[in-house]
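Step one of this worksheet: look at the structure below.
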Amino acid sequence: MPDPAAAAQWALVVHGGAGAIERGQLKPDQERAYREAMARATEAGAAVLRRDGRALDAVEVVIRLLEDDPLFNAGRGAVFTADGKNELDAAIMEGREMKAGAVAGVTRTRHPISLARTVMERSAHVFLIGEGADAFARSQRLEQVDPSWFFTERRWRSLEKALQAERLPIPPRPAGAPRGPDAAAALAHDEGKHGTVGVVARDSRGDVAAGTSTGGTTAKRWGRVGDSPIIGAGAYASNRSCAVSATGTGEYFIRLTVAREVCALVEYKGLSLQAAVDQVVQQQLPAIGGDGGVIAVAPDGRMAWSFNTTGMYRARISDAEPLVVGIFKDDP
Ligand code: ASP
């Protein structure tokens, strides 16, 4: 039942990663490319919600688009491990029944977010990793790709730089990786180690959902997994409080269970959504050395975001507010 007292009947917030993104560092065509990509993906999610679609569907639709977009560190365009592989992580959660699904270290499934959703809906489990997760994807007929599908020249160069700085050997280029500059390389901006994508939504039934998808951090080793696929850290959704998706230095987000912490402040302390995201991102995270940001939506349709980096690719839209796209701190 739509809530007549709601701030919005449907609402959607999207992030494309937080990091060192300053005005003057982005060339006009780069800035335009990111703004257009964020706007396009957000509008696609809004179209789902506008026709009374589910928050969960909106989350998946938007993240699939961003996973295919080489500008972002998720799916195609993901960062490389020190071994020269793309190992992808994703999580999705819905707030009505609090069902959740997650995957980590996926290398062949084109859309990790859809695999996370399939884990949630068609398995008895919440979290699958590595080879097994890809095998489950195959068993469910989710689209499989050659690992070189995820390759971008720009991310390969970032890997080479990171490995040189750490005096680690540079692995051979992945088999089948295209040679030469790719279109994204010219438009992409090196925002440091970040660039994850995430979406939160509230639909006209009053249900909230959250999803997050990432390649993790450049030159990660030893099967490292960040916060993004960890329910309660990189994503969380409950109709009792809110839905949150995070991006930033995963190790800190895991230790603070950032997404759940925001929702707990709303649920138990009665904080407004904005006060809750600010408390976690501006106070708790920096206190232990973490940087990044979150987006959030409440069951009443209120939206919020907060980041302690110089920028975060972000967008929001609802039935009560037209599309807003931001990158820098002083954007609206
Ligand atoms: N949180 C992600 C991770 O630690 C990275 C990011 O959001 O940029 O894997």
Radius, Kirkwood style, for the stretch 1-91 when every pair of distinct Cα atoms is counted (Å): 15.1 Å
Distance in nm between Q283 and V145 label points, each 7 Å along Cα→Cβ, equals 4.2 nm
Kirkwood hydrodynamic radius, the stretch 24-179, all distinct C-alpha pairs: what's the number in Å? 16.8 Å
Percent antiparallel among DSSP beta bridges confined to the stretch 62-147, nearest 5, equals 65 percent
Starting from the amide H of G53, placed 1.01 Å from N in the peptide plane, find each other amide H under 5 Å away whose residue is 5 or more places distant or on another chain. none
Please give the charge dipole size of the chain, origin at the Cα centre, charges +1 on K and R Cβ atoms and -1 on D and E Cβ atoms. Round to the nearest 20 debye. 480 debye
Along Cα→Cβ, 7 Å out, is where each label goes; now give me the distance between the ones at Q30 and K329 in nm to one decimal. 1.9 nm
Applying the gyration tensor rule to the Cα atoms of the stretch 257-332 (axes a ≥ b ≥ c; rounded if a/c under 1.5, else prolate if a/b exceeds b/c, else oblate), the class is oblate
Dividing the convex hull volume of the Cα atoms of the chain by its residue count, what figure in Å³ per residue is obtained? 123 Å³
Mean-square fluctuation check for the chain, GNM, Cα pairs under 10 Å: which of A264, A246, A219 is largest? A264
Selected from T212, A46, V13, residue furthest toward positive end of dipole (the chain; charges at beta carbon): T212
If amide H atoms are built 1.01 Å from N in the plane of the peptide, which residues on other chains or at least 5 residues away come under 5 Å of the amide H of R302? A7, A8
In the stretch 98-186, the trypsin sites (Lys or Arg not before Pro) that fall in loop regions by DSSP, at most 14 other Cβ within 10 Å: R141, R167, R179
Can you sort W149, W305, W10, W156 by how many other beta carbons sit within 10 Å, fewest first? W149, W156, W305, W10
Between the stretch 215-255 and the stretch 20-64, what is the separation of their alpha carbon centroids in Å? 20 Å
Under the definition of Cα pairs under 8 Å and six or more residues apart, what whole-number percent is the relative contact order of the chain? 27 percent
Got a sec? How would M303, M98 order by Cβ neighbour count within 10 Å, fewest to most? M98, M303
Footprinting exposure proxy for H111, H15 (fewest neighbouring C-beta atoms within 10 Å first): H111, H15
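Read-outs: derived from the displayed coordinates by stated rules, not from any lab. What you see is a predicted model, and the numbers here were worked out from it, not measured in a lab. Glycine also receives a Cβ, built like all others from the backbone with ideal geometry; neighbour counts cover every protein chain displayed.
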